[in-house]
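Here's the structure we're looking at; comments come further down.
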Amino acid sequence: MKKAIYPGSFDPITNGHIDVLRRASRVFDEVHIAVIQNPEKNSFFTIEERIEHLQELFRSEPEIQIEGFKGLLVDYAKKKDIYTIIRGLRAVSDFDFEFQMALTNRNLESKIDTVFLMTDEKYSYLSSSLVRQLAKLNGPIGQFVPDLIEQALREKCKAQKGH
Ligand code: PNS
């Protein structure tokens, strides 16, 4: 059974993330989406909301598991006994930081390897922060995120404006 961890903030998940996930699912039997609970980063959606969105999106796909994690990714990987990490690459500009992270993780745990998958070029400019910005300004986001996320973003923005 080939398993991999796909870690990230997923704040929110975009069609670019889903594209990477679909590609990973063709290579691995099980993909564990690991949603970071990052106390240093003020997330738009809470960890509970992000997990709930992902669970809803992949409800009928048991080969895609969803969990939250805190702390070091390598500690989470060791606990799960899964030593392959998936990361998506959109453009060369992603590479520097991803290279640093991959080597840091391998330095912390030599068994860890990171597998990079390239997103479809139509998502090469897409990011969660861009989607959040568009949503806050009531821009069109339907082509960038699944319907469920679009709805959640709209509701969150409305709730925030109400305060
Ligand atoms: O979606 P993101 O924000 O690009 O994901 C980044 C993530 C969560 C993969 C990265 O920040 C991470 O692994 N954080 C956990 C802390 C850690 O292990 N740091 C050491 C490796 S650089």
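So here's what we get for this one:
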{"read-out": "Test for residue 33: is it in a strand (DSSP E or B) and either among the β-branched types (Val, Ile, Thr) or within 13 Å of the ligand (Cβ to nearest atom) (or both)", "value": "yes"}
{"read-out": "Residue ID - surrounded by the most Cβ atoms within 10 Å (Cβ to Cβ), chosen from residues in region 107-117 that are within 23 Å of residue 23 (Cα to Cα) and touching an Asp or Glu at 6+ places or on another chain (Cβ under 9 Å)", "value": "114"}
{"read-out": "From 73, 126, 57, 108, residue being closer than 20 Å to residue 26 by Cα and modelled with pLDDT of 95 or more", "value": "57"}
{"read-out": "Where residue 131 falls short, out of the listed (1) within 13 Å of the ligand (Cβ to nearest atom); (2) within 26 Å of residue 3 (Cα to Cα); (3) modelled with pLDDT of 95 or more", "value": "(2)"}
{"read-out": "Number of positions in region 69-79 that are within 12 Å of the ligand (Cβ to nearest atom) and in a helix (DSSP H, G or I)", "value": "6"}
{"read-out": "Unique residue being part of a loop (DSSP other than H, G, I, E, B), more than 10 Å from the ligand (Cβ to nearest atom) and of a type in the set (A, V, I, L, M) when the list is 51, 66, 82", "value": "82"}
{"read-out": "Cβ pairs under 6 Å, 6+ apart, first in region 82-105 and within 15 Å of residue 118 (Cα to Cα) and in contact (Cβ under 8 Å) with a residue 24 or more places away in the chain, second more than 12 Å from the ligand (Cβ to nearest atom) and in a helix (DSSP H, G or I)", "value": "86/24"}
{"read-out": "Qualifying residues in region 18-30 (those that are in a helix (DSSP H, G or I) and touching a strand residue (DSSP E or B) at 6+ places or on another chain (Cβ under 7 Å)) - the one farthest from the ligand (Cβ to nearest atom)", "value": "25"}
{"read-out": "Test: residue in region 113-128 that is within 18 Å of residue 5 (Cβ to Cβ) and either out of contact with any helix residue (DSSP H, G or I) (no Cβ under 9 Å at 6 or more places or on another chain) or among the charged types (D, E, K, R) (or both)", "value": "yes"}
{"read-out": "Residue count, region 53-91 (criterion: loosely packed, with under 13 Cβ neighbours inside 10 Å and under 14 Å from the mean Cα position of the chain (by Cα))", "value": "0"}
{"read-out": "Candidate set from region 92-106 (those that are loosely packed, with under 11 Cβ neighbours inside 10 Å and not aromatic (Phe, Trp, Tyr)); member that is farthest from the ligand (Cβ to nearest atom)", "value": "92"}
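Conditions (1) more than 22 Å from residue 148 (Cα to Cα); (2) touching a residue at least 60 places away in the same chain (Cβ under 8 Å); (3) touching a Gly at 6+ places or on another chain (Cβ under 6 Å), marked per residue:
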{"position": "7", "(1), (2), (3)": "no, yes, no"}
{"position": "14", "(1), (2), (3)": "no, yes, no"}
{"position": "31", "(1), (2), (3)": "no, no, no"}
{"position": "39", "(1), (2), (3)": "yes, no, no"}
{"position": "47", "(1), (2), (3)": "no, no, yes"}
{"position": "50", "(1), (2), (3)": "no, no, no"}
{"position": "56", "(1), (2), (3)": "no, yes, no"}
{"position": "59", "(1), (2), (3)": "no, no, no"}
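The values are calculated or read from the model by the stated rules, or taken from the named source; none is laboratory data. Every value quoted in this text rests on a predicted model; they were computed, and no experiment measured them. A quick note on method: Cβ atoms are made from the backbone with ideal geometry, for glycine too, and the neighbour counts reach across all protein chains shown.
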